[in-house]
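Visitor: Take this structure first; my questions come after.
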Amino acid sequence: MKIAVIDGKGGGIGKSIVEKLRNSNNKNLEIIGLGTNSQATSAMLKGGANGGATGENAIVWMSQQVDIIVGPMAIIAANSMMGEVTAKMAESIASSSAKKILLPTSQCNIDIVGVEDLQLKELIDRIIKHI
C-alpha cells in the first residue's frame with residue numbers, strides 16, 4: 001500500500017504521522033513524504049518516509065499515484081498554510097481517487113461541526129488505527 005503524507009510549514013504533523021506509521025509494524029506500507037516546502041519534506045524523511053518530494057508538481061503528480069493521502073485538512077483548501085497550498089495542489093488532492101484521511105485542524109479557518117476537539121496526538125493515533 002502506497003501512502004502519501006502531505007504537510008507544509010515545519011512538517012511537524014507529517015513527521016509525527018510518518019513516525020507512527022513506521023512504528024505500526026505494517027511492512028506493506030510505502031510511505032512518501034510530500035512537502036509544500038523542503039523543510040516539511042526533510043522532516044518527514046527524518047521521520048522514516050521511504051521517499052520524499054517537494055512542491056506543487058510533486059504533490060499534484062504523486063496525489064494521483066497513491067492509495068491513501070494523509071495530512072491536515074488544510075491540504076484540500078487553496079491558499080492555506082500561509083499560502084503554501086496552491087489551488088492546483090488542493091484540487092489535485094481533493095479529486096484524487098486515493099482515500100483521504102484528514103486531520104481536522106483549524107489551520108485553514110475551517111471548522112467541522114460535530115467533530116470532537118481532540119489533542120493532535122490522539123488524532124494521529126486514530127489515523128494510524130484507521131489505516
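Visitor: If you take the residues of segment 6-30 that are modelled with pLDDT of 95 or more and farther than 19 Å from Gln119 by Cβ, which of them is farthest from the chain's Cα centre (by Cα)?
Guide: That would be Glu30.
Visitor: Then there's this: Check Gly48, Gly33 and return the single one that is of a type outside the set (A, V, I, L, M), within 13 Å of the chain's Cα centre (by Cα), surrounded by 13 or more Cβ atoms within 10 Å (Cβ to Cβ) and modelled with pLDDT of 95 or more.
Guide: Of Gly48, Gly33, the one residue that is of a type outside the set (A, V, I, L, M), within 13 Å of the chain's Cα centre (by Cα), surrounded by 13 or more Cβ atoms within 10 Å (Cβ to Cβ) and modelled with pLDDT of 95 or more is Gly33.
Visitor: Still on this structure, I have one more. Just name the residue that is nearest to Ala77 (Cα to Cα) out of those in segment 31-47 that are without any contact (Cβ under 8 Å) to a residue 40 or more places away in the chain and not small (Gly, Ala, Ser).
Guide: Taking the candidates together, the pick is Leu34.
Visitor: Here's another thing I want to ask about it. Out of curiosity, is Ile127 under 26 Å from Trp61 (Cα atoms) and either crowded, with 18+ Cβ neighbours inside 10 Å or of a type in the set (A, V, I, L, M) (or both)?
Guide: yes
Visitor: Among the residues in segment 75-85, are any in contact with an Asp or Glu (Cβ under 7 Å, 6 or more places away or on another chain) and surrounded by 13 or more Cβ atoms within 10 Å (Cβ to Cβ)?
Guide: Within segment 75-85, none of the residues are in contact with an Asp or Glu (Cβ under 7 Å, 6 or more places away or on another chain) and surrounded by 13 or more Cβ atoms within 10 Å (Cβ to Cβ).
Visitor: Hey, another quick one. Checking Asn79 against (1) of a type in the set (S, T, N, Q); (2) free of Cβ contacts under 8 Å to residues at least 12 places away in the same chain; (3) under 22 Å from His130 (Cβ atoms): exactly one of these is not met. Which one?
Guide: Among (1) of a type in the set (S, T, N, Q); (2) free of Cβ contacts under 8 Å to residues at least 12 places away in the same chain; (3) under 22 Å from His130 (Cβ atoms), the lone unmet condition for Asn79 is (3).
Visitor: Okay, next question. If you go through segment 56-66 one residue at a time, how many are surrounded by fewer than 17 Cβ atoms within 10 Å (Cβ to Cβ) and under 13 Å from the mean Cα position of the chain (by Cα)?
Guide: Matching residues across segment 56-66 total 0.
Visitor: Moving on. Which of the residues belonging to segment 88-109 are more than 17 Å from Gly8 (Cα to Cα) and either surrounded by 12 or more Cβ atoms within 10 Å (Cβ to Cβ) or touching a residue at least 40 places away in the same chain (Cβ under 8 Å) (or both)?
Guide: Listed by number, the residues that qualify are Ser96, Ala98, Lys99.
Visitor: Let me ask something else. Please state which of the following conditions Ala40 fails to meet, knowing it meets all the rest: (1) closer than 20 Å to Lys99 by Cα; (2) touching an Asp or Glu at 6+ places or on another chain (Cβ under 7 Å); (3) hydrophobic (A, V, I, L, M, F, W, C).
Guide: Exception for Ala40: condition (1).
Visitor: Scanning segment 11-30 for residues that are in contact (Cβ under 8 Å) with a residue 40 or more places away in the chain and part of a helix (DSSP H, G or I), which turns out surrounded by the fewest Cβ atoms within 10 Å (Cβ to Cβ)?
Guide: For segment 11-30, the residue satisfying everything is Lys20.
The values are calculated or read from the model by the stated rules, or taken from the named source; none is laboratory data. Here the structure is a predicted model, which means the values were calculated and not measured. Quick reminder, even Gly has a Cβ in these numbers, built from the backbone with ideal geometry, and neighbours come from all protein chains shown.
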